[in-house]
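What follows draws every value from the coordinates through simple rules; no lab data is involved. Quick caveat, the model's predicted, so the values are computed rather than measured. Because the Cβ atoms are built from the backbone with ideal geometry, glycine has one as well, and the counts that use them run over all protein chains shown.
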Amino acid sequence: MPYLHHGTQPRTRPQLWDDLNAHSVGFGGGMLDTTELPYINGMFSYYGVVAYALILKGCPIYLDADNKAHVVKSALVIDGGTTTVPRVSKDHLYKVGDCVYCSGAAVSVSSIDNSNANYDVITLSGACEGAISGQILEQAIETGANPVKKYNPNVLLGNDYKLIAGETLNLVFRIDEWIQKGRFVYPMSVSTINSLAPNIIIK
């Protein structure tokens, strides 16, 4: 699920890059497509506390020809689940109905349990080959064999934003320094890293 902010200072996160070395997309950036996101227009109850969701700086984005910004979804699989019901890191943007894959056929997301403070549990429509600890669930266009990744990023999100419909995003298309992979909140798969190169280098 998205990072939740409860009206207090957000958690400390490492600096991803020097903003002086970043080159932003012109013409006002891109318009966030919220139709594929789990929470929009902000406020909801979480453990009895009213909160809003944030999409965080550094999130990989695909900016299409119409200047619409599509979030590139991913989830890091952690210990304790199965290939049909994996446990994943909290910082993901999946919702019910999304299609995911790892190293085999793509399956769909049947439900997401976010009741644990340390991880989410995703129930899938079937076993997801390769969905073991340390691997990354990527989003597919549809279920079935030989999955195709839904979006390949060409920019990164330049600032934190609330998940609000119609939000205009600051997007970065080139950075004149390499970035440490471990500093990103969102899991960076090999395909995502390769898609951003050579304008954005992640090591």
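A compact table of results
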{"read-out": "Helical contribution to [θ] at 222 nm, DSSP H n ≥ 4, -39,500 (n - 2.57), averaged over the chain, rounded to 500", "value": "-1000 deg cm²/dmol"}
{"read-out": "For residue 171, distant residues with modelled amide H under 5 Å away", "value": "25, 30, 158"}
{"read-out": "Value in Å of the Kirkwood radius, where the chain supplies the Cα pairs that are averaged", "value": "17.3"}
{"read-out": "Inter-part distance where region 55-93 and region 129-203 are each reduced to a Cα centre, Å", "value": "8"}
{"read-out": "Calculated FRET value between residue 181 and residue 159, using beta carbons and R₀ = 30 Å, to 0.05", "value": "0.90"}
{"read-out": "Value of relative contact order over the chain, rounded to a whole percent, pairs C-alpha under 8 Å and six or more apart", "value": "28"}
{"read-out": "Stokes-Einstein D for region 74-140, Kirkwood Rh over Cα pairs, 10 °C, 1.306 mPa s (µm²/s)", "value": "142"}
{"read-out": "Estimated distance in nm for a label pair at residue 199 and residue 127, the labels positioned 7 Å out from Cα along Cα-to-Cβ", "value": "4.1"}
{"read-out": "Amide H partners (placed H, <5 Å) of residue 150, local residues excluded", "value": "139, 140, 141"}
{"read-out": "For region 93-186: relative contact order, % (alpha-carbon pairs under 8 angstrom, 6 or more apart)", "value": "23"}
{"read-out": "Under 19 Å from residue 90, Cα to Cα: lysines that are on another chain or at least 8 residues apart", "value": "57, 73, 162, 181"}
{"read-out": "Sequence-distant aspartates and glutamates (8 or more away, or on other chains) whose Cα lies within less than 17 Å of residue 149", "value": "36, 64, 98, 129, 138"}
{"read-out": "Principal axis dimensions, region 94-190 - Cα atoms, whole angstrom, descending", "value": "41, 29, 27"}
{"read-out": "Longest DSSP-loop-exposure-free segment, chymotrypsin sites (Phe, Trp or Tyr not before Pro), the chain, at most 10 other Cβ within 10 Å", "value": "48-203"}
{"read-out": "In Hz, Karplus ³J(HN,Hα) per residue of region 131-136 (6.51, -1.76, 1.60; θ = phi - 60°; x = Gly, Pro)", "value": "7, 10, 3, x, 8, 10"}
